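The values are calculated or read from the model by the stated rules, or taken from the named source; none is laboratory data. Note that this is a predicted model, so its numbers are computed, not measured. When we count neighbours, we look across all protein chains shown, and the Cβ atoms used for this are built from the backbone with ideal geometry, even at glycine. Heads up: the accessible areas ignore ligands, DNA and RNA and are worked out on the full protein's heavy atoms, side chains in. Shrake-Rupley method; radii C 1.70, N 1.55, O 1.52, S 1.80 Å.
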Amino acid sequence: MGKKIAALVTDMVEEIELTDPAKAYEDAGHTIEIISEEANKEITGKNGDKIKADKGIDEVNPSDYDALLIPGGFSPDLLRINPKNGAFAKAFLQEDKPVFTICHGPQFLVETDLLKDREMTSFVSVRKDLENAGAIVKDEEVVVDNNLVTSRTPDDLPAFNRESLKLLEN
């Protein structure tokens, strides 16, 4: 049975870090919903692509989803402005649900205060933020720490998707 995945994004998302995993998940029989500030919001990606949000953060509950995807770009930094986004992501980590995040995405998880002793990777410019939050940062194409899958850049998407799909099989 397919899993239901929440993708938390806003403007300036790195489109390929959303669309490539979403296609991999859908091809494997899972569904993905794009969550942003409000339902039907037109998000403008970093490269100008238009993406429509399915739901707004005020109308979703983490219990309605099996996993969370946080793509990179500048979207993760903008998501940090609204504390509801951080609370949404925190629930996934607390409940040991799969969380998939790539490039600048792991920076957003600093908002959860749950990174101490977690093994992670990210784009080079946010690694110090992760270290300061207590994470054990590695420079590898993909790092899996229990329910958390992190990667560095779009070049790592094949490994990121592979490991994310493994977690979705459980």
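When residues of the stretch 13-51 are filtered for being within 22 Å of residue 84 (Cα to Cα) and open to solvent by less than 70 Å² (accessible area, probe 1.4 Å), how many remain? Reasoning before the result, please.
Initially, the stretch 13-51 is screened for residues within 22 Å of residue 84 (Cα to Cα), giving 13-14, 18, 32-45, 51.
Restricting the remaining residues to those that are open to solvent by less than 70 Å² (accessible area, probe 1.4 Å) gives 13-14, 18, 32-36, 39, 41, 43-45, 51.
So the count comes out to 14.
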| Give me the pairs: first residue in the stretch 145-162 and open to solvent by 50 Å² or more (accessible area, probe 1.4 Å), second residue hydroxyl-bearing (Ser, Thr, Tyr), beta-carbon distance under 8 Å, and six or more apart or on different chains, which are they? | 152/121; 152/122
| task | Of the numbered conditions (1) open to solvent by 10 Å² or more (accessible area, probe 1.4 Å); (2) of a type outside the set (Val, Ile, Thr); (3) over 22 Å from residue 120 (Cβ atoms), residue 56 fails exactly one; give the number of that condition. | result | (1)
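Any residue at all in the stretch 39-49 that's touching a helix residue (DSSP H, G or I) at 6+ places or on another chain (Cβ under 7 Å) and touching a residue at least 40 places away in the same chain (Cβ under 8 Å)?
First pass over the stretch 39-49, keeping only residues touching a helix residue (DSSP H, G or I) at 6+ places or on another chain (Cβ under 7 Å): 39.
Within this subset, residues satisfying the condition of being touching a residue at least 40 places away in the same chain (Cβ under 8 Å) are none.
No: the stretch 39-49 contains no residue that is touching a helix residue (DSSP H, G or I) at 6+ places or on another chain (Cβ under 7 Å) and touching a residue at least 40 places away in the same chain (Cβ under 8 Å).
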| field | Candidate set from the stretch 115-143 (those that are free of Cβ contacts under 8 Å to residues at least 24 places away in the same chain and within 15 Å of the chain's Cα centre (by Cα)); member that is surrounded by the most Cβ atoms within 10 Å (Cβ to Cβ) | value | 115
| Sole residue being open to solvent by 10 Å² or more (accessible area, probe 1.4 Å), at pLDDT 95 or above and on the phi > 0 side of the Ramachandran plot, chosen from 96, 66 | 96
| request: Output the residues belonging to the stretch 85-103 that are of a type outside the set (Ser, Thr, Tyr) and closer than 14 Å to residue 142 by Cα. | output: 99, 100, 102, 103
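Taking the conditions exactly as written (in contact with a helix residue (DSSP H, G or I) (Cβ under 8 Å, 6 or more places away or on another chain), surrounded by fewer than 20 Cβ atoms within 10 Å (Cβ to Cβ), closer than 26 Å to residue 16 by Cα and not charged (D, E, K, R)), does residue 91 satisfy them or not?
Numbers: in contact with a helix residue (DSSP H, G or I) (Cβ under 8 Å, 6 or more places away or on another chain): yes; surrounded by fewer than 20 Cβ atoms within 10 Å (Cβ to Cβ): yes; closer than 26 Å to residue 16 by Cα: yes; not charged (D, E, K, R): yes.
Answer is yes for this residue.
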| task | Out of 72, 56, report the one residue that is touching an Asp or Glu at 6+ places or on another chain (Cβ under 6 Å) and over 24 Å from residue 157 (Cα atoms). | result | 56
